[in-house]
Amino acid sequence: MNYNLIEKDLLDCVCKFLEPFEEVIVNLSEEQRPTLHKVIPLRQTLINSCVVEANDLANDSNGIIQLKVFLVRRLNNAWPISDEHRLATILHPKFKKFECSPDEKGKSINVLKSQFQKHQTIISPSCTNSLVSNRGGTLTLFCFNKVK
């Protein structure tokens with residue numbers, strides 16, 4: 001390959017275009033704090049940066065446009081959103097409104113409801129059984145009403 005044929009301007013544009021990807025990698029690679037809640041917003045940021053808009057056609061080179069088209073397709077196909085991502089995001093105070101990715105909000109609410117119902121049915125029978133005291137009253141009555 002003749003490296004002299006590669007346009008320096010194109011390489012500069014590619015490097016500049018890839019900067020957000022580096023930021024996302026660094027952000028999600030943090031080892032001291034949880035990052036699962038950041039996956040959906042950061043993924044959406046990258047997807048948004050890859051969407052080809054009308055002004056991009058006039059300003060970006062053909063190589064950058066091809067790169068954007070490839071990466072937006074690749075991000076959607078190779079980086080799926082899991083229920084764990086949705087739960088972590090909807091439970092995080094900063095991201096729970098899904099301003100960055102409104103398409104995921106409904107799915108996340110459904111996952112949260114499903115998990116809540118699942119755990120409610122698992123917990124309910126055991127809680128009910130443990131709340132009955134050996135003396136015939138509920139544990140609440142025993143604690144607060146001094147049932148003897």
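What follows draws every value from the coordinates through simple rules; no lab data is involved. What you see is a predicted model, and the numbers here were worked out from it, not measured in a lab. Methodologically, a virtual Cβ is constructed for each residue, glycine included, from the backbone with ideal geometry; neighbour enumeration extends over all protein chains shown.
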Exercise for the section: Compute the semi-axes of the equivalent ellipsoid of the stretch 3-80, taking the square root of 5 times each eigenvalue of the Cα gyration tensor, and list them largest first in whole Å. Expected result: 26, 15, 10
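Students often get this wrong, so check it: of K8/K96; K16/K94; K68/K94; K38/K113; K68/K105; K68/K107, which have C-alpha atoms separated by over 31 Å? Intermediate values should be presented prior to the final figure.
Numbers: K8/K96 42 Å; K16/K94 28 Å; K68/K94 28 Å; K38/K113 21 Å; K68/K105 25 Å; K68/K107 26 Å.
K8/K96, as the Cα separations exceed 31 Å there.
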Handout entry: For the stretch 34-117, diffusion coefficient by Stokes-Einstein and Kirkwood Rh (Cα), 37 °C, 0.692 mPa s, µm²/s
Key = 235 µm²/s
Completion exercise
Taking R0 as 35 Å and r as the Cβ-Cβ distance between E7 and D103, the FRET efficiency 1/(1 + (r/R0)^6), rounded to the nearest 0.05, comes to 0.45
Practice task
Rounded to the nearest 0.05, what FRET efficiency do S114 and L91 give with R0 = 22 Å and r taken as the Cβ-Cβ distance? Could you check?
Solution key: 0.95
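Please work out the Kirkwood hydrodynamic radius for the stretch 5-47, using every pair of different C-alpha atoms, and report it in angstroms with one decimal place. Write out the running numbers ahead of the final one.
Working: mean 1/r = 0.0845 Å⁻¹.
Hydrodynamic radius (Kirkwood, Cα pairs) of the stretch 5-47 is 11.8 Å.
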Handout entry: Part-to-part distance (alpha-carbon centres) for the stretch 77-109 and the stretch 1-57, which is given in Å
Key = 20 Å
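Counting other Cβ atoms within 10 Å, keep those with at most 16, restrict to DSSP loop, and tell me which GluC sites (Glu not before Pro) in the stretch 1-100 are left.
Details: sites: E7, E22, E23, E30, E31, E53, E84, E99; in loops: E7, E30, E31, E53, E99.
Here the sparse-neighbourhood loop sites are E7, E30, E31, E53, E99.
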